[in-house]
Amino acid sequence: MLFLTRNSSGGIVAVSRMDESIAEMTCLYRGDVTEFDGMCERAKREKLAVRILLQELCGVTALCYDGNGKPYLSDNSQHISISHTKNFVAVFLHPSYPVGIDIEYRSSRASRLKERFLAADEMCLKSADCESYSELCWCAKEVAYKMLSDKSVDMFRELKVKPFDVSCEGCFCVEYTRRKQYFEMQYIQNELFTLVWCAQE
């Protein structure tokens, strides 16, 4: 079920809620379901949910992956990034620019682990916002890592979040320190999930 769509930077961000059973999703999917044979139920649901979302957004179902595991459309018509979390999948499509997206189910996990992926100068100074801030930082570093497509990047030491104030939605910046490259992240955060995305020329 389509949960959210938003035009962003000339592309489209979409989130779908995985409410349907595998049987129902199989009926909705117009592609070859045999490509999911042998997958566990969770993986199959996620793969089907992404393909069905792509059907709704652009009519495309064929999805490929490069040597780094980065997804691309078989017709190369648009750049794509995909993420999934408990009961949700997210896709960002853009006709011209590389993109990244990450979605995380709301929990205290990122806050509990923040010392592992945030340096002292990246920590939230407002205790009331700590959980939301940590989750946004986690997602943003995942997005930047996806966009760089370089497995040598140390996402927790070389990707630095610039301080920002937490809101329900907004923007903030992440720096890739090795190249002095900056990524402007956009986000939405609600009671169900944290969603962060970026398109970069």
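No value in this document is a laboratory result; all are computed from the given coordinates. Note that the structure is predicted; figures quoted are calculated from it, not measured. With ideal geometry, Cβ positions are generated from the backbone for all residues, glycine too; neighbour counts draw on all protein chains shown.
Annotations
- Test: residue in region 80-89 that is in contact with a helix residue (DSSP H, G or I) (Cβ under 7 Å, 6 or more places away or on another chain) and either over 25 Å from Val143 (Cβ atoms) or of a type in the set (A, V, I, L, M) (or both): yes
- From the options Val174, Val143, Val166, Val161, residue that is buried (at least 18 other Cβ atoms within 10 Å of the Cβ) and more than 21 Å from Pro98 (Cβ to Cβ): Val166
- Among the candidates Glu35, Glu20, the residue that is out of contact with any Ser or Thr (no Cβ under 8 Å at 6 or more places or on another chain), over 17 Å from Glu142 (Cα atoms) and assigned to a loop (DSSP other than H, G, I, E, B) is uniquely Glu20.
- Positions within region 90-116 being under 17 Å from Cys139 (Cα atoms), touching a strand residue (DSSP E or B) at 6+ places or on another chain (Cβ under 9 Å) and either surrounded by fewer than 11 Cβ atoms within 10 Å (Cβ to Cβ) or aromatic (Phe, Trp, Tyr) (or both), in sequence order: Phe92, Tyr105
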